[in-house]
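Student: Got a structure for you, written out below as structure tokens; questions coming shortly.
Every read-out reported here was derived from the displayed coordinates using simple, explicitly stated rules and does not represent laboratory data. Note that this is a predicted model, so its numbers are computed, not measured. Neighbour counts run over all protein chains shown; Cβ positions are idealised from the backbone, glycine included.
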Amino acid sequence: MPQSQLQKIREYWEEQARKYGTSQAASWADLLVNREIEVLARYLADQPEAVLDVGCANGHTSLELIRRCPIHLVGIDYASTMISYANAARELLQDGYKARVKFVEGDVLKLDFEDDRFDKVVSKRCITNLDTWELQQRAILEIRRVLRPGGFFLLSEPTVQGLERLNRLRSLFGLEPLQAPWHNLYLDEERLLALIEPHFSLVKVENFSSSYYVISRVIYPLLVGGKKERLRHDAWLNKVGVRMPSVGNFGVQKLFVMAKKG
Ligand SMILES: C[S@@+](CC[C@H](N)C(=O)[O-])C[C@H]1O[C@@H](n2cnc3c(N)ncnc32)[C@H](O)[C@@H]1O
């Protein structure tokens with residue numbers, strides 16, 4: 001029987017884990033991940049809260065958050081190889097950190113936790129791997145279920161509108177439009193905000209990636225003559241770009257910060 005798109009996506013993530021092990025590259029090698037961790041940590045810094053990281057991959061971000069914030073974190077991912085590597089990385093932690101983190105297999109569509117269990121939920125680039133809006137909605141509402149009333153949902157995802165705005169800017173300079181990867185369905189911001197309205201209070205949309213995308217996806221490609229093969233994600237210009245204050249609304253990746261109503 002031919003594999004469904006969802007099965008192919010799942011197998012893709014198992015393969016990424018086998019290929020890259022405990023490296024950040026297993027999920028996304030982009031420098032932006034470091035900036036994203038800093039922004040997330042601001043929302044987790046001060047309380048010893050219970051945090052769920054949904055779609056944690058090999059635990060790269062979860063372990064950084066554990067080092068920076070006094071939280072207790074459970075990371076879940078449906079790719080068993082990702083979870084094996086997350087646990088291998090956890091084993092290397094000092095005991096004080098190790099006691100505050102664990103990793104288990106799990107699917108965002110059916111979380112194996114009781115209602116209202118977590119103070120905060122982090123989820124980055126996981127829901128974009130669900131190939132229909134119906135499934136994405138289910139995932140968001142399932143996450144809501146395990147969050148306590150007033151608890152924060154920190155959702156960092158690429159959006160359709162973010163990509164459109166970036167591509168409009170690229171086109172002004174003769175650069176071809178970028179496409180979402182085959183395994184991603186970018187979130188539609190309007191649909192997302194309409195969905196969450198009865199369920200969450202929107203606290204903030206963090207456009208944390210705007211300057212970085214302008215530098216790494218417009219200025220840097222222009223400097224190398226638009227030649228894809230000459231682009232390196234860790235080029236010095238991108239390293240500067242990721243430290244720049246974020247200005248404007250050209251970032252593909254956005255962090256939606258919301259609090260559970262009810
Ligand atoms: C792009 S990676 C992001 C990893 C990590 N959150 C980060 O930001 O570095 C997406 C991860 O989501 C996981 N994932 C995709 N669909 C999932 C699902 N239905 N349930 C749980 N994990 C899922 C994949 O296995 C993969 O590890």
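Student: Counting only other residues whose beta carbon sits under 10 Å from that of A79, what net charge do I get with K and R as +1, D and E as -1?
Tutor: Combined, the nearby Lys, Arg, Asp and Glu give -3.
Student: So which aspartates and glutamates can K98 reach, going by Cα to Cα under 16 Å and dropping same-chain residues fewer than 8 places off?
Tutor: Correct list for K98: E49, D53, E64.
Student: Here's a follow-up. Calculate, for Y97 and L141, the FRET efficiency according to 1/(1 + (r/R0)^6) with r their C-beta to C-beta distance and R0 25 Å; round to the nearest 0.05.
Tutor: Rounded to the nearest 0.05, the efficiency is 0.20.
Student: Based on other C-beta atoms within 10 Å, arrange C56, C69 from fewest to most.
Tutor: Least to most surrounded, the residues fall as C69, C56.
Student: Another question, then. Where in region 120-163 is the amide nitrogen less than 20 Å from a point lying 7 Å along the Cα-to-Cβ axis of K261?
Tutor: What the label zone holds, given the 20 Å backbone N cut-off, is 120-121, 137-155.
Student: Near K239, which lysines are there with a Cα under 29 Å away, not counting those fewer than 8 places off in the same chain?
Tutor: K19, K124, K204, K227, K228, K254
Student: Pick from L44, L192, L155: which residue has the top mean-square fluctuation in a GNM of the chain where Cα pairs under 10 Å get a spring?
Tutor: Checking each option, the largest mean-square fluctuation is seen for L192.
Student: Net charge within 14 Å of D95 by Cβ-Cβ distance, Lys/Arg positive one each and Asp/Glu negative one each, not counting D95 itself?
Tutor: Working: positive: R67, R90, K98, R100, K102; negative: E91.
Once all neighbours under 14 Å are counted, the net charge is +4.
Student: No solvent, one uniform scatterer per C-alpha: report log10 I(q)/I(0) for the chain via the Debye equation at q = 0.12 1/Å, two decimals.
Tutor: -0.72
Student: Separate question: Need one number: nm distance between label points at L231 and L109, each 7 Å from Cα along Cα→Cβ, rounded to one decimal.
Tutor: That separation, rounded to one decimal, is 3.1 nm.
Student: Sticking with this structure for a sec: When the chain is fully extended, how far beyond the present Cα-Cα distance does A25 get from I219, taking 0.36 nm per residue of separation?
Tutor: Gain on stretching A25 to I219: 67.5 nm.
Student: Starting from the Cα of E38, step 7 Å along the direction of its Cβ; do the same at H72; then give the gap between the two resulting points in nm.
Tutor: Spacing of the two 7 Å Cα→Cβ label points: 3.1 nm.
Student: Next question. Please report, in whole Å, how far the alpha carbons of region 165-262 spread along each principal axis, starting with the longest.
Tutor: Principal axes ranked by extent give 52, 28, 24 Å for the Cα atoms.
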